[in-house]
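Asker: One structure coming up, written as structure tokens, with questions to follow.
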Amino acid sequence: MKRYLYSGETENLKREQCDVLVIGSGIAGLYSALHINPEHKVMIVTKTKVDGSNSWLAQGGIASVIAPDDFFDSHIEDTLVAGAGLCDRKAVEVLVDEGPKNIQELIADNVPFDHNPEGDLEITREGGHSHRRIVHAGGDATGRETTKRLGEIAMSKKNIEVKFETYMVDILTDEKGVCGALVNDGEYKIIECRNMILATGGIGHIYLSSTNPAGAIGDGICSAARAGAEIFGMELVQFHPTTLAIGSMENSERAFLISEAVRGEGGILRNQRGEAFMQGKHPRADLAPRDIVTRAILSEMKKEHLDNVWLDVSSMDEEFFKHRFPTIYQKCHDEGIDVPREYIPIRPSQHYQMGGIQTDLDGKTNVEGLYAAGECAWTGIHGANRLASNSMLECLVFGRRAAEYINGHFRTSEGGVKAGRDESTGKCSEIDNKQLEVRKIVSEYANAVRTRKGLAEGKKLMDEISEKADKLKLVNPEDYDYYNMVCTAKMILDGANERKESIGAHYIED
């Protein structure tokens, strides 16, 4: 793995300074930035706009113990069960215990959560949960509404500067730890800082079919790895059981998510014969953990030689469905599916990365001054299989904890940062074709159902591609994307080959 991607001159690059640099504009990035002490200058760098993050696309909601008949111990146990034995119990306890206060803060910040006619929060249930504990906004647009509101608040703060469409190329370090980042916003420049929070999201676009936006390629995880951060559990990739089955899976379009909350409100999975095939497969049937439902769907598809199964939502009347799931309702009608009368064709797609940059309970990595929060981080919460709607809660709880730790252990910025550079002499070419090659390998060999033989073959192919990529000279963000995709794919396949047991989302068929 290269230490640096940038290969140009460094001496005359423009320089800027901040006290805390946040990479990413999803919920984890925005929420952490908002909790840095206002006397510190915060800079948020994002390669997209606020609406380009995974957070913006999240439908279901935020899981937290809010209902009077719910219990902390129940939420903890549900998370541990879904995680298939790989969760860090202490991290899960922190997540659950600190969840409600963060929900209350979002309410105080006027995040528009949905309420019933009596004025109480609407609370739903999703797969793996024993109680109703998911709050939501905009029906099925919780991520959009939450990210939008946090973005509005961040943009109003005098101490926060947001740099949109700015690509973070390399994390810079010296003998004291993090000292800045090399970025590109149309030109290369150095941002000097001693405190950095990575909130760069997931890896979905290295698969052919994913609910993630195109920018989700694991670049934040790769940049941390190149800077010396420890990475854990990259083989633990979650597939969402229900995405809209329209067109071929082998395209670059984002798979449209059919929220698990649809099944929480009574949706039933059915095969070609109309049978509710999850009955008898798990005590919670259609609300079993995601890995179990995904494999059951794939099994039905294989038996029937079909590209999808169906989701029956006919138990809901049209007005309820339209109000509760307006985004899904509109998308289905745009595609000619008359919900709730007609079944929705669905199939699994890649959805979430459980592994990532290893942190402690305050978001700290092993690199001094470097923190991580959200999907790019491994806190130990999700284990081998994330419990539904725990992801946005993780962004809130651990984004806040990282900010509060920085406030109490602030590292003063220093000038004179030196930037390293890559010395490779090769040249990238035909990047689009190279990216497609990586995506096909990962999708074939590191999918929801894996085999030992397939994993070994996939690793062999990625080792060969990685060896060639390390020799290439990278000259622009498209080249950087390709290299980061190669590194992400290699980490997934390396981890999958090293992990011998079949567990959770890392399911070995043979």
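Rule-based calculations on the coordinates, nothing more; no lab input. It should be emphasised that the depicted structure is a prediction, and the values quoted were computed from it without experimental measurement. Note: ideal-geometry Cβ built from the backbone for every residue, glycine included; neighbour counts use all protein chains shown.
Asker: Grab every C-alpha pair in region 105-146, bin the distances at 5 angstrom width from 0 up to the longest one, and report whole percents.
Answerer: The calculated distribution, bin by bin, is 6, 22, 27, 27, 15, 4.
Asker: Mean separation of Cα pairs under 8 Å and 6+ residues apart, divided by the residue count of region 343-470: what relative contact order is that in percent?
Answerer: Numbers: 85 pairs, mean separation 21.4, N = 128.
Computed value for region 343-470: 17 percent relative contact order.
Asker: Another one. Over region 431-498, consider all pairs of different Cα atoms and compute the Kirkwood hydrodynamic radius from their mean reciprocal separation; express it in Å, one decimal. Write down the numbers at each step before the final one.
Answerer: On the way: mean 1/r = 0.0830 Å⁻¹.
By the Kirkwood definition, the hydrodynamic radius is 12.1 Å.
Asker: Now for a separate question. Taking all pairs of distinct Cα atoms, average 1/r, flip it, and tell me the Kirkwood hydrodynamic radius of the chain in Å to one decimal place.
Answerer: On the way: mean 1/r = 0.0436 Å⁻¹.
23.0 Å is the Kirkwood radius here.
Asker: Also, I was wondering about something else. Volume per residue, Å³, of the convex hull around the alpha-carbon atoms of region 169-309? Could the numbers behind the result be given before it?
Answerer: On the way: hull volume 21.8 nm³, N = 141.
Output value, Cα hull per residue: 155 Å³.
Asker: Going by C-beta contacts inside 10 Å, put T211, T48 in order with the fewest on the left. Let's see the in-between values first.
Answerer: Values: T211 24, T48 19.
Ranked by crowding around the Cβ, least crowded first: T48, T211.
Asker: How tilted is helix 290-304 with respect to the longest principal axis of the chain? Cα atoms for both, answer in degrees (0 to 90, nearest 10).
Answerer: With rounding to tens, the tilt is 60 degrees.
Asker: Under a 5 Å amide H to amide H cut-off, with H placed in plane at 1.01 Å, what residues pair with W378 once short-range neighbours are removed?
Answerer: It is G356, I357, Q358, T359, by chain and number.
Asker: Also, quick follow-up: Relative contact order of the chain: what whole-number percent is it, with Cα pairs under 8 angstrom and at least 6 residues apart? Write out the running numbers ahead of the final one.
Answerer: Numbers: 1187 pairs, mean separation 119.8, N = 510.
Across the chain, relative contact order equals 23 percent.
Asker: Next question. Per-residue HN-Hα couplings for region 195-210, Karplus 6.51 cos²θ - 1.76 cosθ + 1.60 at θ = phi - 60°, whole Hz, x for Gly and Pro?
Answerer: Values, residue by residue: 9, 9, 10, 8, 9, 9, x, x, 10, x, 6, 7, 9, 5, 10, 8 Hz.
Asker: Looking only at chymotrypsin sites (Phe, Trp or Tyr not before Pro) in DSSP loops with at most 15 other Cβ atoms within 10 Å, what is the longest site-free stretch of the chain? Please list the in-between numbers first.
Answerer: Working: sites that count: F71, F164.
Here the longest segment lacking exposed loop sites spans 165-510.
Asker: Here is a further query. For L455, L436, what ranking results if the residue with the fewest other Cβ atoms within 10 Å of its Cβ goes first? Please list the in-between numbers first.
Answerer: Numbers: L455 23, L436 14.
With the sparsest Cβ surroundings first, the list reads L436, L455.
Asker: Further question: What number do you get for region 241-351 when its Cα radius of gyration is normalised by 2.2 N^0.38 Å, N = residues? Walk me through the numbers on the way to the answer.
Answerer: On the way: Rg = 13.1 Å, N = 111, 2.2 N^0.38 = 13.2 Å.
This ratio for region 241-351 stands at 1.00.
Asker: Right, here's the next one. If I take the Cα coordinates of region 285-414 and project them onto the principal axes, what are the three extents in Å, biggest first?
Answerer: Rounded to whole Å, the extents work out to 62, 35, 26 Å.
Asker: What is the order of T200, T142, fewest Cβ neighbours within 10 Å to most?
Answerer: Numbers: T200 37, T142 28.
Neighbour counts put them in this order, fewest first: T142, T200.
Asker: While we're looking at this one, here's another question. Treating only the Cα positions of region 117-182 as identical point scatterers, give the base-10 log of I(q)/I(0) from the Debye formula at each q in 0.18, 0.19, 0.28 Å⁻¹.
Answerer: -0.87, -0.90, -1.19
Asker: Each residue of region 392-401 in turn: what ³J(HN,Hα) in whole Hz from Karplus with 6.51, -1.76, 1.60 and θ = phi - 60°, glycine and Pro shown as x?
Answerer: 5, 5, 4, 4, 5, 5, 8, x, 5, 5
Asker: Per DSSP helix of 4 or more residues, -39500 (n - 2.57); summed, then divided by the residues of the chain. What does that give at 222 nm, rounded to the nearest 500? Provide the component values of the computation, followed by the final result.
Answerer: Details: 14 runs with 176 residues, N = 510.
So the helix-based figure for the chain works out to -11000 deg cm²/dmol.
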